[in-house]
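One structure below.
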Amino acid sequence: MAFETVAASSDVDEVPFIRTRSPRGPHPEGQVLMATYQPRPRSELPERFALQVRDDAMAPLARSGDLIWVSSVLEPEPGHCVVIGTDFGGELRQFEPRKDAPPMFCALNPEYEHVDATAERVWVTGVVIAVVPAAAQEVSHG
């Protein structure tokens, strides 16, 4: 899936930012994606929201420090980059359905593991629709 690349982080202002974990103290928006390692149900999330990428599992499409826009209403199609939940936390992976088995969620970076829905409980929280590269964020705040 080709993402929309957003020019600068200022373009994200209209999209609610959701932290991946609860910070110490209240979060201004009052929303977190992960509550004690369990992602909120899609029905509790805004239709579009932003997350900061925390690792390089999906490099070169999305790298640590990039912001991603996520849709909680789109259904994933083969090859889409998705935010998934597992019993161990949230991850960013590529959705790969299989004919006779639950889907595989693949890391593009070979240094990271794939997530196999036959081996652990996995659910899709949202589909990535845009990326704000970390470099664009630094320029807009400079």
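By the count of other C-beta atoms within 10 Å, a proxy for reagent exposure, 84, 68 are ordered fewest to most as 84, 68. Model label sites at residue 88 and residue 44, defined 7 Å from Cα along the beta-carbon direction, differ in position by 2.3 nm. Stokes-Einstein, applied to the Kirkwood radius of the range 60-142 over Cα pairs at a viscosity of 1.306 mPa s and 10 °C, places its translational diffusion at 117 µm² s⁻¹. Computed from label points 7 Å out along Cα-Cβ, the spacing between residue 119 and residue 96 is 1.3 nm. Restricting the range 72-133 to chymotrypsin sites (Phe, Trp or Tyr not before Pro) that sit in a DSSP loop and have at most 13 other Cβ atoms within 10 Å of their own Cβ leaves 88.
Across the range 103-109, rounded Karplus estimates of 3J(HN,Hα) from the backbone phi angles (6.51 cos²θ - 1.76 cosθ + 1.60, θ = phi - 60°) give x, 9, 10, 9, 7, 6, 7 Hz, Gly and Pro being marked x.
Here, each number is a calculation from the coordinates, and none is a lab measurement. Just so you know, these numbers come straight off a predicted model, no measurement behind them. FYI the Cβ positions are ideal-geometry reconstructions off the backbone, even for glycines, and counts take in every protein chain you see.
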